[in-house]
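Trainee: Please read through the structure below; I'll follow up with questions.
Computed from the coordinates by the stated procedures, all read-outs in this text should not be read as laboratory data. All values derive from a computational prediction rather than experimental measurement. Glycine gets a Cβ as well: all are built from the backbone with ideal geometry, and neighbour counts include every protein chain shown.
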Amino acid sequence: MDTVVDQPIRLTAWVHGRVQGVGFRWWTRSRASELGLRGHARNLTDGRVEVVAEGARRQCDRLLELLRSGRTPGWVDTVVERWSDAKGNLSGFEER
């Protein structure tokens, strides 16, 4: 087992495109929950969706792939990502 890949990590992703009012946060919550991630997806006032997810690196990588897959509700122009240490203060995955 690769301990670096399985260590808890935090992914923060800002999703640009037509991602509000199209079920994007619900879809993201569903995918993140399937992957066993904790966190949230919330609309920002500038039209982006911010996704914060914590869990094993491989599951966070998979969520990032899904966000960029072209198979989301609406459409995604780009996803800007930031990786940081997991804070461990999240439970479940919610839409905000």
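Trainee: Defining a contact as two alpha carbons under 8 Å apart and six or more residues distant in sequence, what relative contact order in percent does the stretch 6-61 show?
Mentor: This gives 51 percent for the stretch 6-61.
Trainee: Sticking with this structure for a sec: Check which residues have an amide H placed less than 5 Å from GLU94's amide H, if you skip close sequence neighbours.
Mentor: Under 5 Å from the amide H of GLU94 lie the amide H atoms of GLY39, HIS40, ALA41, each far enough along the sequence or on another chain.
Trainee: What are the ³J(HN,Hα) couplings of the stretch 78-89, residue after residue, when phi is run through the Karplus curve with 6.51, -1.76, 1.60 and θ = phi - 60°? Round to Hz, x for glycine and proline.
Mentor: 7, 10, 9, 10, 9, 10, 8, 5, 5, 8, x, 10
Trainee: Counting other beta carbons within 10 Å of each Cβ, put THR12, THR45 in order, fewest first.
Mentor: Going from least to most buried by this count: THR45, THR12.
Trainee: For the pair THR78/SER91, report the inter-label distance in nm, with labels modelled 7 Å from Cα in the Cβ direction.
Mentor: About 3.8 nm separates the two model spin labels.
Trainee: Which Cα, out of GLN59, TRP75, SER30, lies furthest along the positive dipole direction of the stretch 3-87 (beta carbon charges, K/R +1, D/E -1)?
Mentor: SER30
Trainee: For the stretch 60-72, take each phi angle, set θ = phi - 60°, evaluate the Karplus expression 6.51 cos²θ - 1.76 cosθ + 1.60, and give the result in whole Hz per residue in order, putting x for glycine and proline.
Mentor: My calculation for the stretch 60-72 gives 5, 4, 5, 4, 4, 4, 5, 4, 9, 6, x, 10, 9 Hz in order.
Trainee: Would you compute, from DSSP H runs of 4+ residues alone, the mean residue ellipticity of the chain at 222 nm, taking -39500 (n - 2.57) per run and dividing by the full residue count, rounded to the nearest 500?
Mentor: For the chain, the value works out to -7500 deg cm²/dmol.
Trainee: What is the order of HIS16, HIS40, fewest Cβ neighbours within 10 Å to most?
Mentor: Ascending number of Cβ neighbours within 10 Å: HIS16, HIS40.
Trainee: Subtracting the Cα-Cα distance from 0.36 nm times the residue separation, let me have the gained length for ARG58 to ARG42 in nm, one decimal.
Mentor: Between ARG58 and ARG42, full extension yields an extra 3.5 nm.
Trainee: Let me ask something else about it. May I ask you to evaluate 6.51 cos²θ - 1.76 cosθ + 1.60, the Karplus curve with θ = phi - 60°, for each residue of the stretch 36-44 and list the ³J(HN,Hα) values in order in whole Hz, giving x for glycine and proline?
Mentor: x, 8, 10, x, 7, 10, 9, 6, 9
Trainee: Rank these for me by crowding, ARG96, ARG25, going from fewest to most other beta carbons within 10 Å.
Mentor: The fewest-first ordering by Cβ neighbours comes to ARG96, ARG25.
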